[in-house]
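Okay, so here's the structure we're looking at.
The values are calculated or read from the model by the stated rules, or taken from the named source; none is laboratory data. Keep in mind that this is a model prediction, so the values were computed, not measured. Cβ placement follows ideal geometry from the backbone for every residue including glycine, while neighbour counts extend to all protein chains displayed.
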Amino acid sequence: MKMDRSKKEADANGGTKIGRAAGAKPESYLPIQAEVVDIDVESSNTYLLSLRPMDEEDELVAVNYSPGQFLMVSVFGLGECPISIASSPTREPLQICVREAGKITQGIMAARVGDVLGIRGPFGNGFPVGSMRGKNVLIAGGGSGFATLRSLINYIADDRRDFRDVTVVYGVRTSQDLYFTSEYGSWQAAKIEVGITVDMMDASWKGNVGLVTSLLADLDPVPGTAALCGPPMMIRAVARDLLGRGFIEPEIYISLERHMKCGVGKCEHCTMGRYHVCTNGPIFSYDVVGDLI
Amino acid sequence: MTGTSAFFLRREDLVPLLEELAETLEVVAPVLVEGEAAFATWRGGALALDCENPLASPMEFFLPKKEVLFRYVQYSGRYTFSEDPPRARLIFGMRPCDLQALKVIDGIFGADLPDLPYAGRRRSTIIVALNCTSPGEGCFCRSMGSGPGAEGGYDLLLTDLGRGYLVEPGSPAGVYILRAHQRHFEEADPEDLREKERLLALAGEEIIKRGPSLNPEKIREAIDGVDWEEAGRRCLACGGCSLVCPVCHCFSVLDQGVPDGERLRCRDTCILSGFSRMTSGANPRPALGERLRHWYLDKFVYIPEKTGLFGCVGCGRCSRVCLGEVDRWSLFKEAAE
């Protein structure tokens, strides 16, 4: 039952071209408290943290979100920063994937099982999973941008027959930087084509070396809808490649990263032209932001 | 006493009225602070009403430059939080341009996902506005449609008629004040209302006489024609314009204290170089010229799209403080009529 409700929530939340925060209630800036219940090491500088809201009344936060949405995560004393949700609402627990970048992410990564973090959200529009149904889906990630795409991939894997051909391409610097390696097999088992590439060869790597676009040449995805997240250079290259393959701009969705302080469209740190990445995004279609990235 | 009529308050009755109001509310009013008019908690004594609108706008009492969002106290790894309730407050002497700024901020902080600290203060603040019968030198409220006379958004509206004030209620709270303190008020003479219109018309003409007005539509069109790179070279990136602008509302959030402490919200400005910089170092608006352009686009294009109101209210404060000659007069000379 939980899955059905989450699916409906996610479909209803995501997808508006210029959406607004979905699950967020009018609220103060008070976070809810969430306990760290598990920590996985994804790479040398990246942890996957599983969180459980501590108060019963906050439990819905752990399932009421869409792939592509984010949380404002607090370490009290260090501050708050936006972190995308890495889990799918179809599966508990709620997970965030944190890469060491500044003092707050360092603080999050210093947390041990049983420690408490603050969370607010979920914020942002999320991927338009409702309108992705029935279509071919191409998912392209680069570096740490893959965390938010993992939410979408698992969401699709859990409802696989609602989607047509699904292809995942993922590029990182070295094989040590690959996230979620234990899950690729389950995605392939769900008939999701998975292509991985690295920039730099090393002794342990037997796979592809090159840019994400080289995977596209190999896998030749059928036009449909696309979800992209990664460095701007990679986004531009992949989007250009997809447009050349017959994908159309309104069907190429990009998850953007910006500095944020509030998550609710007030502090103005994340503005990109007329848009607030926190409330109008973080997912934008290429026809809207193509010339802004 | 009815809600729609106008009243007259004798000049010598103003301070006794405020004294009565100050018994139950914090009264904020323009007073002289080290020789400069400023909005501050009024503790009796003289008001600074014959000065130009203070450089620091009364928006400070809705969105303070620094405020505690909440306090956190840790006990064996768990936290308890506390927030301060908003204070019951009356702001006296708020000008029409600042009232307009409040309407713009209502459209941003009061809409969609309301900002609760703001909404709380908004609800617990009574506004006694003062029409501008002697506008300041850099004012261009007339071009922005925000003055010199106020249109709505106040609980009580005063107009200085010389021998006293015309008082008009604009809300049930305003009517309540008139009733509760009725011994200070008498029915206004129809001539007082005509006098108000005459004074406001004079003030409007005065603003036109002082200099060209800036048509916001023309500024909007002119933004693309400005050499922003060159403007960026003149701008000192001091952020002074944002600090005095009653519509500017960028903020930053930071924690102070471990394991117990406060989460603070402080004013910030998109003019500063680090404003949009991400931890990775990537900066979407690295050039000062780009940030200046964004500042103007926000006020003349984006905020109007969002709220239906211009993000500039014509108070002229940014020009009063700009040292780099990147204020609207310098940038949009050609848009002047």
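Within region A:264-280, which residues are over 12 Å from residue B:252 (Cα atoms) and either within 7 Å of chain B (Cβ to nearest Cβ) or crowded, with 23+ Cβ neighbours inside 10 Å (or both)? Working first, answer last.
Our first condition is that a residue be over 12 Å from residue B:252 (Cα atoms); within region A:264-280, this holds for A:264-265, A:271-280.
Result: A:264, A:265, A:271, A:272, A:274, A:276, A:277, A:278, A:279, A:280.
Answer yes if at least one residue in region A:38-50 is of a type in the set (Phe, Trp, Tyr), at pLDDT 95 or above and within 19 Å of the chain's Cα centre (by Cα), and no otherwise.
Yes, region A:38-50 contains a residue that is of a type in the set (Phe, Trp, Tyr), at pLDDT 95 or above and within 19 Å of the chain's Cα centre (by Cα).
For residue B:77, indicate whether it is of a type in the set (Gly, Ala, Ser) and within 18 Å of the chain's Cα centre (by Cα).
Here the answer is no, as residue B:77 does not meet what is asked.
Only residues that are closer than 17 Å to residue A:184 by Cβ and either surrounded by fewer than 16 Cβ atoms within 10 Å (Cβ to Cβ) or modelled with pLDDT of 95 or more (or both): list them for region A:196-211, please.
The answer is A:196, A:197, A:198, A:204, A:206, A:207.
Hey, can you tell me all the residues within region A:182-225 that are more than 28 Å from residue A:249 (Cα to Cα), assigned to a loop (DSSP other than H, G, I, E, B) and not polar (S, T, N, Q)?
A:200, A:201, A:202, A:203, A:205, A:206, A:207
Anything in region B:258-279 that is at the interface with chain A (Cβ under 8 Å from one of its Cβ atoms) and either touching a strand residue (DSSP E or B) at 6+ places or on another chain (Cβ under 8 Å) or among the hydroxyl-bearing types (Ser, Thr, Tyr) (or both)? List them, or say none. Full working, then the answer.
We begin by selecting, within region B:258-279, every residue at the interface with chain A (Cβ under 8 Å from one of its Cβ atoms); these are B:258-259, B:261, B:263, B:265, B:268, B:270, B:275-279.
The answer is B:259, B:261, B:263, B:265, B:268, B:270, B:276, B:279.
Enumerate the pairs (first residue in region A:93-113 and more than 10 Å from chain B (Cβ to nearest Cβ); second residue anywhere and in a helix (DSSP H, G or I) and at pLDDT 95 or above) with beta-carbon separation below 6 Å, excluding pairs fewer than 6 apart on the same chain, so at least 6 apart or on different chains.
Pairs that qualify, where the first residue is more than 10 Å from chain B (Cβ to nearest Cβ) and the partner is in a helix (DSSP H, G or I) and at pLDDT 95 or above, are A:97/A:147; A:98/A:105; A:98/A:108; A:98/A:109.
So, in region A:253-269, how many residues would count as being over 18 Å from residue B:302 (Cα atoms) and in a loop (DSSP other than H, G, I, E, B)?
Qualifying residue count, region A:253-269: 8.
Would you please name the residue that is farthest from residue B:116 (Cα to Cα), looking only at residues in region A:270-293 that are part of a helix (DSSP H, G or I) and in contact (Cβ under 8 Å) with a residue 40 or more places away in the chain?
Only one residue tops the list, namely A:286.
If residue B:157 satisfies all but one of (1) more than 15 Å from residue B:101 (Cα to Cα); (2) modelled with pLDDT under 90; (3) of a type outside the set (Gly, Ala, Ser); (4) surrounded by 24 or more Cβ atoms within 10 Å (Cβ to Cβ), what's the number of the condition it fails?
(2)
Across region B:274-299, what is the number of residues that are surrounded by fewer than 22 Cβ atoms within 10 Å (Cβ to Cβ), in contact (Cβ under 8 Å) with a residue 40 or more places away in the chain and not charged (D, E, K, R)?
Residues in region B:274-299 being surrounded by fewer than 22 Cβ atoms within 10 Å (Cβ to Cβ), in contact (Cβ under 8 Å) with a residue 40 or more places away in the chain and not charged (D, E, K, R): 3 in total.
Filter region A:59-88 down to residues that are under 15 Å from residue A:32 (Cβ atoms) and assigned to a loop (DSSP other than H, G, I, E, B) and give me whichever is farthest from the chain's Cα centre (by Cα).
So the residue we want is A:76.
Can you pull out the residues in region A:246-258 that are buried (at least 16 other Cβ atoms within 10 Å of the Cβ) and more than 16 Å from the chain's Cα centre (by Cα)?
Answer for region A:246-258, where residues must be buried (at least 16 other Cβ atoms within 10 Å of the Cβ) and more than 16 Å from the chain's Cα centre (by Cα): A:247, A:251.
Given (1) at pLDDT 95 or above; (2) more than 14 Å from every other protein chain (Cβ to nearest Cβ); (3) assigned to a helix (DSSP H, G or I), identify the lone condition not met by residue A:235.
All conditions are met except number (2).
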